[in-house]
Amino acid sequence: MTAYDVLIVGAGHGGAQAAIALRQQKFAGSIAIVGDEPDPPYERPPLSKEYLSGDKSFERLLIRPVAFWAERDVALLLGRRVTTMDPVAHTVATDTGETLGYRHLIWATGGAPRRLVCSGHDLVGVHTVRTRADADRMRAEMAGVAGAVVIGGGYIGLEAAAVLAKAGKRVIVLEALDRVLARVAGEPLSRFYEAEHRAHGVEVRLEARVACIEERDGYVAGVRLADGEVLACEMVVVGIGIQPAVAPLLAAGADGDNGVAVDGRCRTSLVDVFAIGDCALHANGFADGAAIRLESVQNATDQAAVVAKALTGMPVDYDAVPWFWSHQYDLKLQTVGLSIGYDRLVVRGSPAARSFSVVYLKGGAVIALDCVNATRDYVQGRRLVVERSVVDPAALADAATPLKELAG
Ligand code: FAD
C-alpha cells in the first residue's frame, strides 16, 4: 500500500488548488491527487461557455500545464474513484482495487449533477454539464440538433441556452419557479436575463412542469409537459443543480447531510480529514453564519488555501468574500457577497442600457451586489460588502456617484 502525507480526493478545482497552495507554502511532504476523470485538473466554468461554443480549446482550460504536477512532485492518480474510506486505518479504497494511505486527507469531490427521475431521463440526447466528457458529448451532437430544451433556469442552464441560441438552435428554457435565477438573485436580475434570452430568440417558459422525455428510436424526440404539450427537440440539457459527492465520507461516519460538515478550518468530524469546495457544508459569515455550500471557483480556491495553511502550521479561519461570475451573450455578470436573506434591493444604472447593478441590503447594510457589464461597481462594491456598510439607498441608486465614495 502506498501512503501519502497528503492525499487529495478529487482532481478538480479545489483539489488542484490545495496541492498548488501546499507547495506554495513550502510543504515538503508527499502529495497525491486521486481523480475519477481521465484528465488533469481543469476549469469547469468554460464548459457551459467558451468551451461548449468551441471558442476555447481544452488545453486552455487546464489549471496548470501537464508538466507542472511532476515538477512539483504531486502524483496524479487519475481514472479511479474512491469508493470507501477507513478513518481509523487512515486509508481509502478505489474502484480499481487499490488501497491508499494518508496522514491527512482532503476531500474535494464536488458533486454530481442532479438528474431527472421521469421516464426518458437517460435517453441519448439528454445532457448534464459537469465534466469535459459531458461538454464533448454535447458538442459532438450539436451539429445535428435543430431544437433544444434546457430544463432549469439557473446559471448553467442559461449559459448553455445562450451558447445553443448563438449557434442558431431553436431553444426553449423551462423553469419550474416563476422566474429564472430565483434561487440566487433578486427579481430585477431575473427579469433582465429573461428578457435578454427572449431578445435572442429563446423561448422562456416559467412555472413549467416536466412530465417525461419523449423517445424516438432510443433518441430524444421531445419534452412532455405536465399539461400534455410536447415540445419537440433533439437535445435536452438538464441544469437542476448538483448532489454533493460525499457518500464514502458519510458512510465512514463524517457529519453531514447535504454535503460534509466542516468547521472554520475546513476540518470534518473525522480526524485528519478536511473537505473543501462544492461538497463542503460550512458556516459562512457572509450568510450570517448559516451552514451552506457554495458552488464557486472562489470558494474552492479559498478553502484550499485555508487547508494548506492549516497543514503548514499557519491556521486561519475561512472568511473569504464570496464572488462569482456568469457570461451569457455579451453580458458579463459579476457578483460579490451573498444576497441570502436580503430585505431590500436597489437597482443602480440602467438595465435598458445593459449596464447596471443590483445592490442587496439587509437591515440597512449592503450584503451583496450583482453587477451586469458594470465592473467598476463590482470592484468598488466589494468594500461595502466586506464592511457591511450602511448606505442611504437613494445614494446607492445614483449611478453617477461611484460606490467608493459611499464606503465608510
Ligand atoms: P470539482 O471541480 O467538480 O472537482 C471534483 C472532482 O472530483 C471531479 O473531477 C469529480 O469527478 C471528482 N470526484 C468526485 N467523486 C470522486 C471520488 N469518489 N473519487 C475520485 N474523484 C472523485 N463557478 C464560478 O465561480 N463561476 C462560473 O462561471 C462557474 N461556471 C460553472 C459552469 C459549469 C458548467 C460548472 C459545472 C461549474 C461552474 N462553476 C462556476 C462552479 C465551479 O466550477 C465549481 O464550484 C468548482 O469546480 C468546485 O470545485 P470542486 O473541487 O469542489 O469540485
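The values are calculated or read from the model by the stated rules, or taken from the named source; none is laboratory data. Everything numeric in this text was worked out from a predicted model, so none of it was measured. All Cβ positions, even for glycine, are placed from backbone atoms using ideal geometry, and neighbour counts span all protein chains on display.
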Report those helices (runs of 4 or more DSSP H) wholly inside the range 66-167 carrying at least 2 residues which are closer than 20 Å to PRO38 by Cβ. 66-71, 132-142
From ILE20, ILE33, residue being within 11 Å of the ligand (Cβ to nearest atom), closer than 20 Å to GLY277 by Cβ and either under 22 Å from the mean Cα position of the chain (by Cα) or surrounded by 15 or more Cβ atoms within 10 Å (Cβ to Cβ) (or both): ILE33
Can you list the strands (runs of 3 or more DSSP E) found entirely within the range 252-301 that contain at least 2 residues being on the phi > 0 side of the Ramachandran plot? none
Mind checking which pairs have a first residue in the range 384-408 that is charged (D, E, K, R) and a second that is surrounded by 14 or more Cβ atoms within 10 Å (Cβ to Cβ), Cβ under 6 Å, 6 or more apart or different chains? ARG388/ALA365; LYS404/GLN380
Confirm whether VAL92 is of a type outside the set (Ser, Thr, Tyr), more than 24 Å from the chain's Cα centre (by Cα), modelled with pLDDT of 95 or more and within 11 Å of the ligand (Cβ to nearest atom). yes
In the range 150-168, how many residues are farther than 18 Å from LEU206 by Cβ, in contact (Cβ under 8 Å) with a residue 40 or more places away in the chain and away from the ligand (no atom under 13 Å from the Cβ)? 3
Quick one: in the range 217-231, which of the residues that are out of contact with any Lys or Arg (no Cβ under 9 Å at 6 or more places or on another chain) and among the aliphatic types (A, V, I, L, M) is surrounded by the fewest Cβ atoms within 10 Å (Cβ to Cβ)? ALA221
Regarding PRO322, is this residue within 21 Å of the chain's Cα centre (by Cα) and either touching a residue at least 24 places away in the same chain (Cβ under 8 Å) or within 14 Å of the ligand (Cβ to nearest atom) (or both)? yes
Count of residues meeting criterion [part of a helix (DSSP H, G or I) and more than 15 Å from the ligand (Cβ to nearest atom)] in the range 1-17: 0
Any residue at all in the range 226-238 that's within 14 Å of the ligand (Cβ to nearest atom) and either touching a residue at least 24 places away in the same chain (Cβ under 8 Å) or more than 30 Å from ALA310 (Cα to Cα) (or both)? yes
Could you say whether any residue in the range 36-43 is within 20 Å of PRO248 (Cα to Cα), part of a loop (DSSP other than H, G, I, E, B) and either within 15 Å of the ligand (Cβ to nearest atom) or more than 19 Å from the chain's Cα centre (by Cα) (or both)? yes
Under 9 Å by Cβ, and 6 or more places apart or on different chains, what pairs join a residue from the range 91-107 that is free of Cβ contacts under 8 Å to residues at least 60 places away in the same chain with one that is of a type in the set (Gly, Ala, Ser) and surrounded by 15 or more Cβ atoms within 10 Å (Cβ to Cβ)? THR96/GLY79
Out of all the residues in the range 309-333, which are farther than 28 Å from LEU181 by Cα and touching a strand residue (DSSP E or B) at 6+ places or on another chain (Cβ under 9 Å)? ALA310, LEU311
Just checking, how many residues over the range 97-149 are surrounded by fewer than 16 Cβ atoms within 10 Å (Cβ to Cβ), under 18 Å from VAL220 (Cβ atoms), within 16 Å of the ligand (Cβ to nearest atom) and polar (S, T, N, Q)? 0
How many of the residues in the range 191-216 are surrounded by 17 or more Cβ atoms within 10 Å (Cβ to Cβ), farther than 10 Å from VAL180 by Cβ and touching a helix residue (DSSP H, G or I) at 6+ places or on another chain (Cβ under 8 Å)? 1
With respect to ASP278, is the statement that it is in contact with a strand residue (DSSP E or B) (Cβ under 8 Å, 6 or more places away or on another chain) and modelled with pLDDT under 95 true? no
